[in-house]
Amino acid sequence: MIVYLTPPTFEQKVVLQHLHHYLPHQNPLKDFINDNVLKSFQDLPFHEALLTASTILGYKTYLYLNEYRALYANGKINPLLFQKIIIDQKGIEQWDIWEKKLLEKDYDTSLYNRLGQLHQIWTNHYHLNIEKEVHSFLFRLIGSYIDQGITLKKFPIKANGFLEAIQQLDKNSRWIPFFRSKRVKKLLHEPHISLQSLLDILVGDEAFYEQYLFDQQFAHAGWSGMVSVIENHPETLLDPRPVSLHDFILLELLLEIDALDTKFGVGNWEPLAKNITTDIVPLFNPVEKREVFEVYALWQEIYEWTFYDQVLRGLQLAPQEASIEKKTDFQAFFCIDDRECSLRRHLEKIANVATFGTAGFFNIEFYFQPEGGKFYTKSCPAPLNPHYLVKEKNIRKHHHKRDAHFSRQSRNLLGSWVISQTMGFWSAIELAWNIFKPTETPALVSSFRHMDRHSTLQYEHCENGETQSLQVGFTNEEMALRMETLLRSVGLVENFASLVYFVGHGASSVNNPHYAAYGCGACSGQTGSVNARLAAAMLNKKEVRKLLKEKGIDIPDSTQFVGALHDTTQDEILFYDEKILSDENRLRHKEHTKAFTEALTNNAKERSRRFLLIDTNKSAKKIHKQVKLRALSLFEPRSEWDHATNALCIVGRRQTNAHLFLDRRSFLNSYDYRKDKEGKYLLGILRAVAPVCGGINLQYYFACTDHYRLGAGSKLPHNVIGLVGVANGIDGDLRIGLPQQSVDIHDPIRLLVVVEHFPAVVKEVIQKDLTTYQWFENEWIHLVVIQPETKQLFRFTKGNFLPYEPITQTLPTINGLENLWTNSGENLPIYLMQ
Amino acid sequence: MLSNYIILGLIFLPVVGFLLTLLCGENQEKRISQIAFYTIASHFFGALGFIVYWLVNGAMPINLKEYILYESHSYVFLIDFYWDGLSAVYCLVAAFISFLIVRYSRYYMHLEKGYKRFFSTILFFYFAYNFTVLSGNFETLFIGWEMIGISSFLLIAFYRERYLPVRNAVKVFSVYRIGDIGILLAMWGSHHLWHDNITFLKLHNTHLVASVLAEHPLTSWFIGSCLLVAAAAKSGQFPFSSWVPRAMEGPTPSSAIFYGSLSIHFGLFLLIRTMPFWEPQWVLRLMIGFVGFTTAIVGYFTAKAQPTIKTQIAYASVAQIGLMFVELSLGFTTLAVVHFVGNAFLRTYQLLVSPSVVSYLIREQFYHFRPYQTRQYFPLGKSIHYGLYLLALREFYLDTLMSKIIFNPFKKIGSRLNFLTYRNVFYYFVPTYLLGWLAWFFKAYLPASVIYLMPELAGAIALLMIMKAFSEREYPLLAWLMVVQGHFWIALAVMHNDLMDWQELLWYLSGVVVAGWVGWVCLLWLRKKEPKYFNLYRYYGHNYEYQRLGGLFFFCTLGLMGFPITTTFIGEDLVFSHVSEKQFVLAFFLSSCFVIGGIALIRIYARLFLGNHAKVYHENPLQSS
């Protein structure tokens, strides 16, 4: 948060900057990326930020006090930790007082906020619901201007900006009044029109201008945020529209004046500042402490550490390491994603395999252009800006089928006269079919359609395919560099098995505007299949291997790499380029495929315990079939649970955490401290973990605590607008964040990152990157280091690593997890697996 | 005889389901959805079987014996059911679509707050729907019609803790109310036209109809126009179209069933049902054709310019219904029915898959992108082109038009009565009202001209009261009392008009008194509890804390507005039967009272109990969300 005093005079540039900073940063739906919705407050420590955001903007940032108390009463919160944390933070002498405060004291939990103090004067003093007058038309204008393909009749003017377009529209449609007030009409075409001049009319006192604009814009933060994002990243729209927050605000101010002029007549109303009767608290005045927020903060910490404590103790209880690592049949790379956590466990149980977790773009950053595609999609974490382009060639079949239900004719007059009398009847059959027997339809978003499995990829550098700014394909050196980093970061530099798999992931769903949130976060929400296939192809390349050998990574000739795609919704897997395998490897691959399939079936069964409408007593195979159907079912708002329940990220060797049952709640990144003593590769890992996993975690957190303002609310009434966002009904503001249906089972706790290394090294590493450091320093993510030799724990607090002693001593041991799947949909405790 | 029982079964089966769901607990998802599913499934297969049986047996229209609900010397209220090809089609389409939707919603609504409320309302709607399409006379139809209005209100305001759904529910309810009055006036007119309760079956007697039409061309035209107003309001035709997209606030399947397929086609149903009556009148046919044609044009342009998928489907659908009106006016009934069925299926499906539009169209854009070009509608020149675009974007101002022409005048007149407050209203009311009764007792001594004007005078006062209730913002109690008083003045007006006897008066006022009194107590209670949040300037969402009170008050509201749960419902009809065919002015006053009164009442309920909760100790939505 930027702390500043309201300037006595109005400086347009500064105010616009502030608005850009605080408005939500959510991309249009196709690029939906999980991110912290309170990003603007991230320069404050977590709890302070939550108090500040709540006080200023009225967000609900914690659970209800009753909810915490109920968790405690129901035994979901460890009483020992309750005691420990209160004493740690408040001192032993304050224990009694704070215990009472947490458990019994009545608090005023109202979310008083500073937003809207000025804007509501219109309602209270002028008896004019100005938002009602203005919003509907404003949203409609900006919606049809930005629209990416819903309207059949596009906005009729192509202009250099939103305001210019409106000016032209008004100038050329004199017979239909754009504004009702003649004065406003004149104002619109004035050459020197500015925010200042309009605010002079409306508000009339410069001291309040900024706050007024905040009130106004945050009354529809969704649309304002969208305009701000598009202004700063015009490329996020495939069909670009020049737009700016300035123009948008200007138009809104004009509409407000218009509404006032219409109700009272020009000159018959005073500017708002004349009617300020109560003290206006400036929006960004320092925030006063509220005791109830201290209570929330304590509860939150206790709630979180109740879970973390078990995990940390569990990590300490790792079995003794064998002196010689056993030889494995094959190795498999998975994405760090929490959804792969359980699949790896199942696979390890069935086969003699070593699995590795790493960010699912496999350290290859590029844009991907499918054959026939007119655009590129980014295949790497969103903050990166790749210089490479990879093209898909020689596909066997086009994946884009058409469906007349989405056609323009069906919304046209005569077209739909014909269609409704012919295809209408077909719709009935199709609908019935879809409801009783869901099948693939053109509306399905399927991860397998992202790339044709029979296609070839043009990934080798080629001189004559250059575009203006991108290089087509990678040179051998560039490939070797990326692959070296990849292998070293997970610690796989020797003992290669004959087959090594790269498993990317994607998701499938239908009827889901938030489909992009289900993809691979490390691939900008796209499917990770291209990256997996490329990683395999690069490592299979002789020239690359030669270069790697020079760098000290010797891959035996018999070793082959295979790319694959895991569909997390349907739990299916697809392997690429199997034909290049040698005869021996082909036989092995056949065996491994069986193992994968079995693991996926078991994984589906494990997941089904959270799908309340599936009978979990059935056999794994039957359940797997039902799970697959979820992806195809129109009526299923939760095709999968996506990242719900995520709470952990473990960066370390798999053998130090494979003994724990983590209930699909952990991001797992493989990392071998022994092969990276100075932490050179650790920085790269944490740099990705913080924004990607942290962003996901916090988006879930806040969608849980306030689904009206920090989440998208129930998705059931959502209406798609301009292909960029969803709103409730037809007059609503764009919704930000995750829908209610994504977070039903999520417990809002922050991410705990556990790194296996020496504290001194980790400290040095994180200090190298300021943005990453801020995540940990301000505790938006908890960081604990486990010393690999002594298994001692160190918690990162206020810039230092302090020893942490878990309260938990033993963990329940479980033999065979199968019984767990049939029991409940609740979060399970951490188990030691036999 | 067997047929009769089956038809009755088809009508009342959904009630059984509805009542059963009410017995379920809030979270018994499985039980609730099963009740709904099996009710509608058995209804669907029952209807299917019956239709086959009926077709095999010659497909003759069936009129079910009349059930007398009320009878006095001058007036009978009959419940009558009727089955013919049209009922069969409407019944089957609804059963099929609801069957699918219920199954769909079982999963879709999973874990949603209000799961039970959703299914109960759907079943209630389904009952109302069947009641309407199988009704055999106007009175019966009107009962179903009203129930549909209420279930619509409840489903639009499903997310009752938010501002927009509630505001739009009130808006849609208001338009429906106008439609209701069309039917009420049509009933009044036909009462005088036929001197009998005309059943739909009798309308097919061409000879009878022809003679009546020839005798009373003006009244016939009036009745037809009223029916057209009712049909246009319900089917979102010009100039009422703007409510349709605004109704899309509930969960998508409920929007699909209501505004995609079933509810929206009721206007068409009404027209086809009464076709033998208006078909010979070419003026009416022209009018229907005109309304349909205008809607088609308006809907066409509006749909094209809208940037949201549901608005677009709504206007596209409305435009198609416009075409059905045109087809009907040209006499192509079968075509219109086929068109209805196709449109219903198509729009249901389109609405259900509307969330898919993002991924589908983005993919389409990705592979088949053509850069943005601006093309003119016709080679008409920029000015017309841009103007037309702007008009289409603003839905031809239909939304503002509604409130400007219809509601604002009432509001303005009502606000002239601001000298009335909650405290002094009795001082004005009691003496004047007593005076009115005195005039009735001593009418023998009053000059004939006074007596002659008395009904209109009392009616005008009633309307004034109602207008005050409509415009009142400060005192909910005053608004409430004003509506109650309005009813009393209406009673007086009709008493002056002769013929209404004490028993009838009792029928009419007993409902008013009971509902009015209980509602008044509810309001007093709420005011005592929440003095700070008790006026009508904004929405207060007291349902959050006072759910039971809200439920009770809602019932009172329904009772007071003449919903078929109290005797006032029949009373309302009775009152009209005592307005003579020459008293157009009085009929206008009374019908306005019922329209505006209903809206005022629903607004009191909505503003106090629905919308954003005034207290902020929990997460609360913005007005725009």
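The values are calculated or read from the model by the stated rules, or taken from the named source; none is laboratory data. Since this is a predicted model, take the numbers as computed values, not measurements. Cβ atoms come from the backbone with ideal geometry, glycine included; neighbour counts cover every protein chain shown.
Numerical summary
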quantity	calculated
Verdict on A:ASN394 being more than 15 Å from A:LEU534 (Cα to Cα), at pLDDT below 90, surrounded by fewer than 17 Cβ atoms within 10 Å (Cβ to Cβ) and more than 14 Å from chain B (Cβ to nearest Cβ)	yes
Unique residue being within 14 Å of another protein chain (Cβ to nearest Cβ), surrounded by 22 or more Cβ atoms within 10 Å (Cβ to Cβ), in contact (Cβ under 8 Å) with a residue 24 or more places away in the chain and assigned to a helix (DSSP H, G or I) when the list is A:ALA604, A:ALA631	A:ALA631
Check on B:PHE345, farther than 30 Å from B:ARG273 by Cα, aromatic (Phe, Trp, Tyr) and either in contact with a Gly (Cβ under 7 Å, 6 or more places away or on another chain) or touching a residue at least 40 places away in the same chain (Cβ under 8 Å) (or both)	no
Extreme residue, nearest to the other protein chains (Cβ to nearest Cβ), among residues of the stretch B:152-161 that are outside any helix (DSSP H, G or I) and closer than 19 Å to B:ILE604 by Cβ	B:GLU161
Residues that are of a type in the set (S, T, N, Q) and touching a residue at least 12 places away in the same chain (Cβ under 8 Å), drawn from the stretch A:263-277	A:ASN275, A:THR277
Filter result for the condition that a residue is part of a helix (DSSP H, G or I), away from every other protein chain (no Cβ under 11 Å) and within 26 Å of B:ILE223 (Cα to Cα), over B:LEU335, B:LEU270, B:LEU323	B:LEU270
Filter result for A:GLN741 (among the polar types (S, T, N, Q), within 14 Å of another protein chain (Cβ to nearest Cβ) and touching a residue at least 12 places away in the same chain (Cβ under 8 Å))	yes
Residues located in the stretch B:177-218, provided they are touching a residue at least 60 places away in the same chain (Cβ under 8 Å), crowded, with 20+ Cβ neighbours inside 10 Å and hydroxyl-bearing (Ser, Thr, Tyr)	B:THR199
Qualifying residue in the stretch B:204-226 (condition: within 14 Å of chain A (Cβ to nearest Cβ) and among the hydroxyl-bearing types (Ser, Thr, Tyr))	no
Search result, residues across the stretch B:385-426 that are in contact (Cβ under 8 Å) with a residue 12 or more places away in the chain and not in a helix (DSSP H, G or I)	B:LEU417, B:LEU420, B:THR421, B:TYR422
Identity of the residue in the stretch B:284-317, of a type in the set (Val, Ile, Thr) and more than 11 Å from every other protein chain (Cβ to nearest Cβ), that ends up surrounded by the fewest Cβ atoms within 10 Å (Cβ to Cβ)	B:THR294
Residue within the stretch B:579-587 that is touching a residue at least 24 places away in the same chain (Cβ under 8 Å), crowded, with 22+ Cβ neighbours inside 10 Å and assigned to a loop (DSSP other than H, G, I, E, B) present	yes
Odd one out for A:THR593 among (1) surrounded by 20 or more Cβ atoms within 10 Å (Cβ to Cβ); (2) farther than 24 Å from A:PRO513 by Cβ; (3) polar (S, T, N, Q)	(1)
Answer from A:LEU662, A:LEU686 - the residue that is more than 11 Å from every other protein chain (Cβ to nearest Cβ), more than 29 Å from A:GLU826 (Cβ to Cβ) and aliphatic (A, V, I, L, M)	A:LEU686
Hey, A:SER181 more than 26 Å from B:ILE384 (Cβ to Cβ), among the small types (Gly, Ala, Ser) and either touching a residue at least 12 places away in the same chain (Cβ under 8 Å) or surrounded by fewer than 23 Cβ atoms within 10 Å (Cβ to Cβ) (or both) or not	no
Leading residue by the ranking (farthest from the chain's Cα centre (by Cα)) among those in the stretch B:103-151 that are of a type in the set (Gly, Ala, Ser) and not in a helix (DSSP H, G or I)	B:GLY114
Failed item, numbered, when B:SER329 is tested on (1) more than 27 Å from A:ILE730 (Cβ to Cβ); (2) at the interface with chain A (Cβ under 7 Å from one of its Cβ atoms)	(2)
Residue in the stretch B:229-246 that is outside the structural domain of B:PHE81 (by TED's automatic domain parsing), among the hydrophobic types (A, V, I, L, M, F, W, C) and surrounded by fewer than 19 Cβ atoms within 10 Å (Cβ to Cβ) present	no
Candidate set: the stretch A:528-576, residues that are farther than 30 Å from A:GLU606 by Cβ and of a type in the set (Ser, Thr, Tyr); chosen: the one farthest from the chain's Cα centre (by Cα)	A:SER558
Enumerated helices (runs of 4 or more DSSP H) restricted to the stretch A:94-168, each holding at least 1 residues that are modelled with pLDDT under 90 and facing chain B (nearest Cβ under 10 Å)	A:120-124
Residue in the stretch A:488-506 that is buried (at least 24 other Cβ atoms within 10 Å of the Cβ) and either within 14 Å of chain B (Cβ to nearest Cβ) or within 15 Å of the chain's Cα centre (by Cα) (or both) present	yes
Qualifying residue in the stretch A:634-652 (condition: under 27 Å from A:LYS349 (Cα atoms), hydrophobic (A, V, I, L, M, F, W, C) and within 14 Å of chain B (Cβ to nearest Cβ))	yes
Selection status of B:THR334, in the same structural domain as B:LEU227 (by TED's automatic domain parsing) and farther than 19 Å from B:SER242 by Cα	yes
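Condition check ((1) among the β-branched types (Val, Ile, Thr); (2) modelled with pLDDT under 90; (3) buried (at least 24 other Cβ atoms within 10 Å of the Cβ)) across all residues:
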position: B:TYR115; (1), (2), (3): no, no, no
position: B:SER120; (1), (2), (3): no, no, no
position: B:VAL133; (1), (2), (3): yes, no, yes
position: B:GLY136; (1), (2), (3): no, no, yes
position: B:GLY144; (1), (2), (3): no, no, no
position: B:ILE150; (1), (2), (3): yes, no, no
position: B:ILE156; (1), (2), (3): yes, no, yes
position: B:ARG162; (1), (2), (3): no, no, yes
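Table: residues versus (1) surrounded by fewer than 21 Cβ atoms within 10 Å (Cβ to Cβ); (2) of a type in the set (Val, Ile, Thr).
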position	(1), (2)
A:GLU321	yes, no
A:THR328	yes, yes
A:ALA332	no, no
A:ILE336	no, yes
A:LEU384	yes, no
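Results for (1) among the aromatic types (Phe, Trp, Tyr); (2) out of contact with any strand residue (DSSP E or B) (no Cβ under 8 Å at 6 or more places or on another chain); (3) in contact (Cβ under 8 Å) with a residue 24 or more places away in the chain; (4) in a helix (DSSP H, G or I), shown as yes or no for each residue.
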{"site": "B:VAL52", "(1), (2), (3), (4)": "no, yes, no, yes"}
{"site": "B:ALA59", "(1), (2), (3), (4)": "no, yes, yes, no"}
{"site": "B:LEU69", "(1), (2), (3), (4)": "no, no, yes, no"}
{"site": "B:TYR82", "(1), (2), (3), (4)": "yes, no, yes, no"}
